[in-house]
Amino acid sequence: MENIKIYISLIAIFLTFFGYVPYIRDTLKQKTSPHVYTWFIWGLVAAITFGLQVSAGAGTGSWVTLGIVLSCSTIFILGLRNGKKDITKIDTTFFILSLIALFLWLVIKQPVLSIILVSIVAVLGYIPTIRKSWNKPYSETLFSYQLNTFRHSLSFFALQEYSIITWLYPISLAIANGLFTLILIIRRKQLAIQE
């Protein structure tokens, strides 16, 4: 059973990097415009989650989260250079709320409450991107979010220990990516009908 989890983890890690290749390519071509707040939050939250998962015995399942840290950090840096700085007051509000939740995580030092806060922050990180994409649904690479939905679901099965500390983050992000995928598809169809 341990070998199967390692293989699942390796597949999920491959999908992590494979899924972001089109996103990075589209960002470099300025077809996709990552919201810097979102990608900063996701990278920071993934780094904290990785630490929590390792400490809770997630084993090879945590490797996927480390891949997310590297991918999100790369996209954040590209976003600073190539992304749109389409930042509104509501974006800044959610960004500050995310940082407050992360600060609370540092102060609380309770792993279960920490993973709940970190998962909430990760989901809140979608809000600036949802706001931006509502008006410009083609400013995001749909394939990456579709693949992320599957990959986060797959990474759940790679976990070696199952507790709320190890599974809440990948399940939250599988659901969030799936919902965001639906938003992009619906908005693209709505705009196509209006044209």
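The values are calculated or read from the model by the stated rules, or taken from the named source; none is laboratory data. Every value quoted in this text rests on a predicted model; they were computed, and no experiment measured them. All Cβ positions, even for glycine, are placed from backbone atoms using ideal geometry, and neighbour counts span all protein chains on display.
The table for this structure:
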| quantity | calculated |
| --- | --- |
| Qualifying position, being touching a Pro at 6+ places or on another chain (Cβ under 9 Å), aromatic (F, W, Y) and either assigned to a helix (DSSP H, G or I) or at pLDDT 90 or above (or both), among F156, F150 | F156 |
| Near pairs, Cβ below 9 angstrom, 6+ apart or cross-chain, from the range 110-130 (free of Cβ contacts under 8 Å to residues at least 24 places away in the same chain) to any residue that is of a type in the set (F, W, Y) | L113/W105; L117/W105 |
| Selected residue (only one of L102, L117 is more than 28 Å from L191 (Cα to Cα), among the aliphatic types (A, V, I, L, M) and surrounded by fewer than 19 Cβ atoms within 10 Å (Cβ to Cβ)) | L102 |
| Single residue of the range 11-39 satisfying the filter (among the hydrophobic types (A, V, I, L, M, F, W, C), out of contact with any helix residue (DSSP H, G or I) (no Cβ under 6 Å at 6 or more places or on another chain) and in contact (Cβ under 8 Å) with a residue 40 or more places away in the chain) that is surrounded by the most Cβ atoms within 10 Å (Cβ to Cβ) | I24 |
| Members of the range 175-195 that are buried (at least 19 other Cβ atoms within 10 Å of the Cβ) and within 13 Å of the chain's Cα centre (by Cα) | A176, N177, F180, T181 |
| Selection status of K136, at pLDDT below 85, more than 15 Å from the chain's Cα centre (by Cα), surrounded by fewer than 16 Cβ atoms within 10 Å (Cβ to Cβ) and of a type outside the set (A, V, I, L, M, F, W, C) | no |
| Hey, F143 surrounded by fewer than 19 Cβ atoms within 10 Å (Cβ to Cβ) and not small (G, A, S) or not | yes |
